[in-house]
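Note sheet for the following structure.
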Amino acid sequence: MKAITNTNYIKNLGFLAILLLGTMTFAQDDESEDAKKFSLSGSIDAYYRANLNANNSFDEAEGAPYAAPGSSFANLPGFALGMANIVASYEGEKAGFVADLVFGPRGTDAIFASPIYSATGNIVNQLYAYWNVSDAVTLTVGNFNTFLGYEVISPVANFNYSTSYLFSYGPFSHTGIKADFALSDDFSLMLAFMNQTDVTELNITGKYAYGAQLGYSGQYLNLLIDNGSYEVDYTGGFDLSDNFFLGINAAYFDGADDTGFAGAALYPQLKTSETFTLGLRGEYFVETGAFGAIGTSVEDSSVFAVTLTGSANIGNLMIKPELRLDNASDDSALFLDSDLNPQKSLSSFVLAAVYSF
């Protein structure tokens, strides 16, 4: 690649400054509806985490804590960072885009398969454009977060701060094209043609994945087929009263090498006041075959995890205290006690702060 000389670099900076100034002037002068549809949003999060029955230090050689739940994010010991999330979007009459950038440990873990080609590929959480072909059909192309599962990457949209095994084992992101169809007021359909799961910057192998989602009144049945593997996932929820909500997630994954996983999780949430909600996540998760993550040498290992989370709202700030108990079916290197010996259970405490704008 040809290096940019200092003179050209200065010229480029000058041109960029003129262009930016012109854009800002245009945005200030233009009072049309289109000029008001650009938005900038996002969040930041940080937390404190401590194991109650295990070691609380970090294994620098392995690049991971000695003891933590077998799920993604919020696993670092002591005071730790989540991520800064910045989302720029534009909604036009017929088309628009979303550019979703992440910085920090949570973002790094979410975009774990990048960078592949671009040096900045590991900060792109989502990057897509869409076209509203009609009132009933929308086409989207680019990199978008997965349509499977109850939980998501952003801590703002999750009630519990730590994540489930179902979320952690399932896909995070896809790159491809998808079509959303509003079949009626209650029914929706999505079809997708994508690169292989979580390989978001480009297609390395020349192989592709296929996705489908059927929705009915807030309940979704999802299917992902990827290079001989497939996953079926159900996600939904019900308002049982004005203050009580029950979320549900269940999934089954069959890998191409006769390994896989299955599980189910319930998310009851009780709103006790305008500013405080108490929620529980109860999850059963089992590996099929020698999948190797829960039980390093035992086939069909399982784990039952219960997470109790409180969520207090102070304006745009959420404070989330959380108690979690993970109990595995067998001794595993996944859970280590204070002396770094295998144990079946791990209890932990998290206090998180999440600010959204």
Next on the checklist: Give me the residue from segment 322-357 that is of a type outside the set (S, T, Y), farther than 14 Å from N51 by Cα and under 23 Å from the mean Cα position of the chain (by Cα) and, out of that set, most open to solvent (accessible area, probe 1.4 Å).
Outcome noted: F357
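Out of E62, E93, report the one residue that is of a type in the set (D, E), closer than 27 Å to I177 by Cβ and part of a loop (DSSP other than H, G, I, E, B).
Values: E62 fails: closer than 27 Å to I177 by Cβ.
Just a single option satisfies the conditions, and that option is E93.
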Checklist outcome for this item: Going through (1) at positive phi; (2) touching a residue at least 12 places away in the same chain (Cβ under 8 Å) one by one, G206 fails only at (2)
Checklist entry - Listed residues Y130, Y117, Y90; which is open to solvent by less than 50 Å² (accessible area, probe 1.4 Å) and of a type in the set (F, W, Y)? => result Y130
Item to check | Sole exception among (1) open to solvent by 30 Å² or more (accessible area, probe 1.4 Å); (2) among the acidic types (D, E); (3) farther than 30 Å from E274 by Cα for E231, by number | outcome: (1)
Item to check | Pair list, Cβ under 6 Å, 6 or more apart: segment 233-260 residue under 23 Å from E287 (Cα atoms) and touching a residue at least 60 places away in the same chain (Cβ under 8 Å), other residue open to solvent by less than 80 Å² (accessible area, probe 1.4 Å) and among the charged types (D, E, K, R) | outcome: A251/D233; F253/E231
Checklist entry - Got at least one residue in segment 132-150 being within 10 Å of the chain's Cα centre (by Cα) and farther than 23 Å from F181 by Cα? => result no
Next on the checklist: Considering only residues that are over 17 Å from the mean Cα position of the chain (by Cα), more than 30 Å from T140 (Cβ to Cβ) and assigned to a strand (DSSP E or B), which ones fall in segment 68-90?
Outcome noted: G78, F79, A80
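Would you mind finding the one in G149, G170, G176, G206 that is open to solvent by less than 30 Å² (accessible area, probe 1.4 Å), farther than 30 Å from L325 by Cβ and not hydroxyl-bearing (S, T, Y)? Spell out how you get there, then give the answer.
Details: G149 fails: farther than 30 Å from L325 by Cβ; G170 fails: farther than 30 Å from L325 by Cβ; G206 fails: open to solvent by less than 30 Å² (accessible area, probe 1.4 Å).
It is G176.
Just for segment 244-261: of the residues that are small (G, A, S) and surrounded by fewer than 18 Cβ atoms within 10 Å (Cβ to Cβ), which one is modelled with the highest pLDDT? Steps first, answer last, please.
The first filter runs over segment 244-261 and keeps only residues small (G, A, S), leaving 247, 250-251, 255-256, 260.
Of the ones still in play, those that are also surrounded by fewer than 18 Cβ atoms within 10 Å (Cβ to Cβ) are 250, 255-256.
Numbers: A250: 98, G255: 90, A256: 81.
This residue is A250.
The values are calculated or read from the model by the stated rules, or taken from the named source; none is laboratory data. Here the structure is a predicted model, which means the values were calculated and not measured. Quick reminder, even Gly has a Cβ in these numbers, built from the backbone with ideal geometry, and neighbours come from all protein chains shown. Side chains are part of the model used for accessible areas, which takes the heavy atoms of the whole protein and leaves out ligands, DNA and RNA. Shrake-Rupley method; radii C 1.70, N 1.55, O 1.52, S 1.80 Å.
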